[in-house]
Amino acid sequence: METSQLVHKIPEEIIRSKIFFIRGHKVMLDVDLAELYGVETKQLKRQVRRNIERFPGDFMFELTHSENESLRSQFGTLKQGSHTKYLPFAFTEQGIAMLSGVLNSSTAIKINIHIIRVFTKMREMVETQKDLLLKINELESKLGNHDKSIQQLFAYLKQLIHQENEPRKTIGFKP
């Protein structure tokens with residue numbers, strides 16, 4: 001199967017399901033990236049270690065034992081053979097972009113472009129949601145003021161109605 005066809009066969013939902021929020025960053029784990037690239041995890045890690053200067057702490061970090069256990073407990077029991085004795089690497093969006101140069105294959109480049117587009121769409125969705133929340137808050141504050149104004153208007157109308165029921169003095173000349 002041609003690489004461009006492979007990229008189109010990977011639905012965005014699958015990529016999104018492999019993005020986690022760890023240490024305040026959206027990241028993907030080495031095992032998931034290796035699966036997407038069609039390489040072994042140990043090969044991916046080996047290439048990263050050989051080019052470690054390309055991966056500062058905000059591009060890639062190794063999970064702690066507690067973070068790894070927390071992730072494992074979220075997924076229940078692991079599949080046979082998916083447990084490793086090494087802690088996984090977590091790659092941020094920038095680290096994933098750097099991987100295409102390290103792995104140096106056309107498949108890695110095309111898969112990376114697809115992954116980066118998914119990250120971009122997710123960021124745009126968050127921005128859209130923020131804009132919607134701001135507009136909703138703005139409308140709520142306006143409507144809150146309208147409620148007070150409407151209540152005042154009804155109070156004035158009630159006063160006018162009660163005044164009309166009172167007998168009025170006659171106007172005109174009194175002999």
Would you check if Met60 is modelled with pLDDT of 85 or more and more than 23 Å from Met125 (Cβ to Cβ)? yes
Which condition number in (1) of a type outside the set (Ser, Thr, Tyr); (2) at pLDDT 90 or above; (3) over 19 Å from Lys18 (Cβ atoms) is the one that Leu44 fails? (3)
Of the residues that sit in the stretch 92-121 and are outside any helix (DSSP H, G or I) and in contact (Cβ under 8 Å) with a residue 24 or more places away in the chain, which one is surrounded by the fewest Cβ atoms within 10 Å (Cβ to Cβ)? Ser105
When only residues in the stretch 69-91 that are assigned to a helix (DSSP H, G or I) and under 14 Å from Asp32 (Cα atoms) count, which is modelled with the lowest pLDDT? Arg72
Within the set of pairs 6 or more residues apart or between chains, which connect a residue that is without any contact (Cβ under 8 Å) to a residue 12 or more places away in the chain inside the stretch 33-58 to a residue that is buried (at least 18 other Cβ atoms within 10 Å of the Cβ) with Cβ atoms less than 6 Å apart? Ala34/Thr41; Ala34/Leu44
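The values are calculated or read from the model by the stated rules, or taken from the named source; none is laboratory data. Everything numeric here is computed off the predicted structure, so don't read it as measured data. As a convention, Cβ positions derive from the backbone with ideal geometry for all residues, glycine included, and neighbour counts pool all protein chains shown.
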